[in-house]
Every structure is written in C-alpha cells, then in structure tokens.
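Comments concern the structure below.
The values are calculated or read from the model by the stated rules, or taken from the named source; none is laboratory data. In this text the structure is predicted, and so the values were computed from the model without any measurement. Cβ placement follows ideal geometry from the backbone for every residue including glycine, while neighbour counts extend to all protein chains displayed.
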Amino acid sequence: MTTGSPTGSGRPAIWGLAVAGDGLLYYSDYARGDLGRLDPKSGKVEEWLSPAGRRAKPYGIAALPDGTVWYSESGVEPNTLVRFDPRTRPFAHWLVPSGGGVILHMAATPHGDLYIACSGANNIGIVRIE
C-alpha cells in the first residue's frame, strides 16, 4: 500500500471509477496494476497492488451496497474478478468462466449482485454475491 499522491513510473491510467456508499472514490489503475482510493474530503490517496501484480491491468469496477469493491483483472487469462473489503483489506479473486475478454463495465445492483460486460467474450454476465 502507498499513500499520498500516486507514484511510480509513468502516469496512472485510470480506466474505472466507483463511488462507495461512504463517499470514498475507488479507481482501477490499468497501467500500474493498482486499486486506488481517494478520500475527497481529506485528499488522502491509498493504493494496493492487485493480486495479479503489475500485469493485472484492472479495468471495470463497482462498489456494492455492503461496502466491498469489485473489479476485473484484464491482464491475466482467463480474466479474474477481484473483491476488496476495505474494512479488513484482504483481496479475494475468482476466474471469469467465459474468460471475460476485457470487462469494460461493471455495475452493482441494489441487491448486491454485479452485472459485467465481457467485451472479448461478447457476453453480459450476472455475478450473484452470496
């Protein structure tokens, strides 16, 4: 984890944004393989390396009503879905059954499921969170 302004070689390539229920802004940094969080009130930035590391290429992202943040890793095959719990800060990840291609967009439902748009597989998926 790093804090402060985003650092590293090159500039961040932010492809996805999600606003959590507590007002914090999460982003997927495609270029560096990070999940980031910005607190708009304090300006504090925190970043965590995705489970697949620098090759993760995180893209689509969504914040669920339970406070967890989900995003895709498009740099690994098959693609993975990653869950981050900001309360305890562990990552968990699962393979996308269709491979996913690049999951460009992800949306949370009010009931806590995810809709994912799998551009490479030409599919739309529903992820039921239990």
Task: Filter result (of a type in the set (S, T, N, Q) and under 17 Å from Val69 (Cβ atoms)) within the stretch 85-130 - done: Thr88, Thr109
TODO: Count, please, the residues in the stretch 65-83 that happen to be of a type in the set (Gly, Ala, Ser) and within 10 Å of the chain's Cα centre (by Cα).
DONE: 1
Task: Number of positions in the stretch 78-130 that are at pLDDT below 85, of a type in the set (S, T, N, Q) and in contact with a Leu (Cβ under 9 Å, 6 or more places away or on another chain) - done: 1
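Taking into account only those residues within the stretch 98-130 that are assigned to a loop (DSSP other than H, G, I, E, B) and aliphatic (A, V, I, L, M), which is nearest to Leu17 (Cα to Cα)?
First, pick out the residues of the stretch 98-130 that are assigned to a loop (DSSP other than H, G, I, E, B): 98-102, 109-113, 119-122, 128-130.
Those left that are additionally aliphatic (A, V, I, L, M): 102, 121, 129.
Values: Val102: 16, Ala121: 23, Ile129: 20 Å.
The residue in question is Val102.
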Open item on the list: Quick check on the stretch 25-64: of everything there that is over 9 Å from the mean Cα position of the chain (by Cα) and assigned to a strand (DSSP E or B), which residue is surrounded by the most Cβ atoms within 10 Å (Cβ to Cβ)?
Closed with: Glu47
Open item on the list: Looking only at the stretch 65-97, count every residue that is buried (at least 17 other Cβ atoms within 10 Å of the Cβ) and not in a strand (DSSP E or B) and tell me the total.
Closed with: 7
